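To start, the structure under review is shown below, and the notes come after it.
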Amino acid sequence: MMKNTKNEEKSEIPKDSSSDRPNLKGDWLNFYFLILLYTLQGTTTGLSYAFPIILQNTKFVTYNDQAILSFVLWPFSFKLLWAPVVDALHFQWIGRRKSWYIPIQFLIGVLFLFFGNNIDDWLPESGKLNLNMIVCVLFLINFLAATQDIVVDSWALSLLKKNNVSYSSTCNSTGIAFGLYIGSVCPVLLSSEYFCNKYLRFTPHDGGILSIKSFLLFWGIVFLFVTFLVIFKKERNKELEEDDDPLKINIIQSYELLWDIFKIKHMKLLLMAILTSMIGLSTSESVTNLKLIDAGVSKDDIMIITTSMFILKMCLPIFVTKYTTGPKPISLYLKLMPARLLWSIIFALLIYFTPRIIQDNNVVPTYYYLLIGFVFAVNRIMAQIMVTCMVAFFSRISDIRFGGMYMTLLNTVRSIGWVIPNTSFLKMVDLLTFSSCSNDVQNSCSTPDLENICNINDGHCEAVVDGYYVEVIICLVIGFVWFAVYKNHLKFFESKDRSHWLIDLNRPGNVKVSFTA
């Protein structure tokens, strides 16, 4: 361990400034700058959300294929492994965050251009799609975006004034939502001939107004252009600069500091609560859209509804900021959890009656659109408030001196708690679904060969037990057990002073870092 080269008081925990009232005067430029960075980050993630919809509607894919595709989002769940490296290494003359952000953003732009040049071959209008290449490229893009997320989360803690740090959750929620909208809705709807002819054109034409290829090429250029602009952005807020006493840590110390965060009292229990918080919501969030498409709703209609949800998602953080930046964001999170769990029953009923509504009317009636819009809107409002509350709590307790690692740890655990159940429940849909042939009850339709035999004999496979509904019940039970176990613990964590969650560098056994002039 290294010894301090200056007085020990230099390494003491910084005084809590949470009593200062948030005021964005003089910070608006940084506020909008962070929204831009989070928007670009959300665009990459949104593209990963678009492809399951595209494949489910246009290609024959199983839920197992969808589970494989869901692996492209896993880098966000393991970014903690390299977060200490990002926190420790940088070029002084470029800047601690820009040293990473600029090359990463440049590489993402190049990958978008490469993806665009090859997408027509990998996703042809007819013939077999190249799922492996699509997964590989999206995985690499998301790996870079996950590293970029480490940088931006940490940059947000130092770019905004100390009394405005809570606004980083608003920047995150608004920017990510806008990026998700761009990355997921635009390539699906604007490349759809049906949607463009019905809503955007006076005279019908073949194809959409843009192709997925042109979308990827355009945003590749945008990423490269913004990379050039970031070069001229000053990295740190003057009020947070410590040029006379910069904190110096190497990679080994960075990983030791990460372990010191784990050793903070109550931290392991907090991380376990975060890790398991999304299990009860996994089925309704990850499978519902795909089941609606299977039930007869077109992908264009799904994306139109999704579009309105993104607009709601982008605007909502602005109206709830005064609650999420208040003293008790976790209390608001807990109030909404039971209602959101129960809302999965509403989703299940919607999916159950959708085929009957469509078959009885031969077309999707107007009242159904209003109904599905209402169901999705209520869920989105609750989900967005809960996410903003959680990120606000993360921002409040994170140690600004090691912001990259601290925020990455909390967000990574939250991401793992989402992607693992997401992938698992997608795979389990087929496993928990039991079918039989309509004209041969002995045929279980459990394999492609048995399905073919059923079809050859003029029958069709019918689901006797739909795995989706089984999963809804399982998730409800798990969700309410989680709520009963962790409710009081989370309220207790929220009541702790911010200093409780900071690393005491003078504590025996903790890593000693050096401060050099």
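The values are calculated or read from the model by the stated rules, or taken from the named source; none is laboratory data. All of these numbers come straight from a predicted model, not from anything done at the bench. So basically every Cβ, Gly included, is an ideal-geometry build from the backbone, and we count neighbours across all protein chains shown. Note: accessible area is taken over every heavy atom of the protein model, side chains too, but ligands, DNA and RNA are not part of it. Shrake-Rupley method; radii C 1.70, N 1.55, O 1.52, S 1.80 Å.
With a 1.4 Å probe and every protein chain kept in, tell me what percent of the accessible surface of the range 100-170 is carbon plus sulfur.
62
Over the heavy atoms of THR45, what accessible area does a 1.4 Å probe trace out, to the nearest 10 Å²?
For THR45, the solvent-accessible surface is approximately 20 Å².
Which of the residue pairs LYS291/LYS427; LYS198/LYS291; LYS79/LYS335; LYS98/LYS213; LYS263/LYS328; LYS265/LYS491 have a Cα-Cα distance greater than 19 Å in the structure shown?
LYS198/LYS291; LYS79/LYS335; LYS98/LYS213; LYS263/LYS328
Could you give each residue of the range 82-99 its phi-based ³J(HN,Hα) in whole Hz, using Karplus coefficients 6.51, -1.76, 1.60 with θ = phi - 60°, and x for Gly or Pro?
So the J values, rounded to whole Hz, are 10, 4, x, 5, 4, 6, 8, 9, 5, 9, 4, 6, 8, x, 4, 8, 5, 4.
Mind ranking LYS328, LYS198, LYS427, LYS335 by accessible surface for me, highest first, 1.4 Å probe?
LYS335, LYS328, LYS198, LYS427
Where the centroid of each part is defined by its Cα atoms, how far is the range 83-97 from the range 426-487 in Å?
Between the Cα centre of the range 83-97 and that of the range 426-487, the gap is 49 Å.
Which whole-number value in Å² is the accessible area per residue of the range 96-144, probe 1.4 Å?
Working: 2340 Å² over 49 residues.
Accessible area per residue: 48 Å².
Please find the FRET efficiency linking ASN118 to LEU431, where r is the Cβ-Cβ separation and R0 is fixed at 41 Å, and quote it to the nearest 0.05. Working shown, then result.
Values: r = 33 Å, r/R0 = 0.82.
FRET efficiency, ASN118 to LEU431: 0.75.
Accessible surface of ASP149 in the full protein assembly, 1.4 angstrom probe, to the nearest 10 Å²?
10
Take the solvent-accessible surface of the protein heavy atoms, probe 1.4 Å, and return the percent of it on the range 400-475 that carbon and sulfur atoms account for. Can you show the working numbers first?
Details: 2150 of 3560 Å².
Ligands and nucleic acids excluded, carbon and sulfur reach 61 percent.
Under a plain spin-label model, where a point goes 7 Å from the Cα along Cα-to-Cβ, how far apart in nm are ASN439 and TYR199?
Each label point lies 7 Å from its Cα, and together they span 4.2 nm.
Given a cut-off of under 8 Å on Cα pairs at least six residues apart, what relative contact order in percent is computed for the range 378-463? Each step should come with its number before you reach the end.
Details: 54 pairs, mean separation 15.1, N = 86.
Relative CO of the range 378-463 lands at 18 percent.
Taking a 1.4 Å probe, which of LEU349, LEU224, LEU281 shows the most accessible area, and what order do the others take after it?
Values: LEU349 90, LEU224 50, LEU281 0 Å².
If we order LEU349, LEU224, LEU281 from most to least accessible, we get LEU349, LEU224, LEU281.
Give a residue-ordered list of calculated ³J(HN,Hα) values for the range 217-231 (Karplus: 6.51 cos²θ - 1.76 cosθ + 1.60, θ = phi - 60°; whole Hz; x for Gly, Pro).
Once rounded to whole Hz, the list reads 5, 4, 6, x, 5, 4, 4, 5, 5, 5, 4, 5, 5, 4, 4.
Could you work out how much longer the chain between VAL110 and ILE473 gets when fully extended? Use 0.36 nm per residue separation minus the Cα distance between them, nm to one decimal.
Between VAL110 and ILE473, full extension yields 126.3 nm more.
If each residue of separation counts as 0.36 nm, what is the full-extension length gain between ILE456 and LEU336 once their alpha-carbon separation is subtracted?
Using 0.36 nm per residue and subtracting the Cα-Cα distance, I get 38.2 nm.
Can you give the accessible area of TRP100 in Å² (nearest 10), computed on protein heavy atoms with a 1.4 Å probe?
Around 60 Å² of this residue is reachable by solvent.
Whenever you get a sec, compute what percent of the accessible area on the range 271-316 sits on carbon and sulfur atoms (1.4 Å probe).
That fraction is 71 percent.
Could you pull out the chymotrypsin sites (Phe, Trp or Tyr not before Pro) across the range 168-213 that fall in loop regions by DSSP (anything but H, G, I, E, B) with no more than 12 other Cβ atoms inside 10 Å?
Sparse-neighbourhood loop chymotrypsin sites (Phe, Trp or Tyr not before Pro): PHE202.
Could you tell me the calculated FRET efficiency between ILE345 and PHE262, based on Cβ-Cβ distance and R0 = 41 angstrom, to the nearest 0.05? Intermediate values should be presented prior to the final figure.
Values: r = 37 Å, r/R0 = 0.91.
Once the sixth-power term is evaluated, E becomes 0.65.
As an exercise, use a Förster radius of 25 Å and the Cβ-Cβ distance of VAL226 and LEU81 to find the FRET efficiency, rounded to the nearest 0.05.
That gives a FRET efficiency of 0.40.
Using a simple spin-label model with points 7 Å from Cα along the Cα→Cβ vector, what separation in nm is obtained for PHE71 and LEU36?
Roughly 3.7 nm, to one decimal.
HN-Hα J couplings of the range 106-118 from phi, Karplus 6.51/-1.76/1.60, θ = phi - 60°, integer Hz, Gly and Pro as x?
3J(HN,Hα) across the range 106-118, in whole Hz: 5, 5, 4, x, 5, 5, 4, 5, 5, 4, x, 5, 10.
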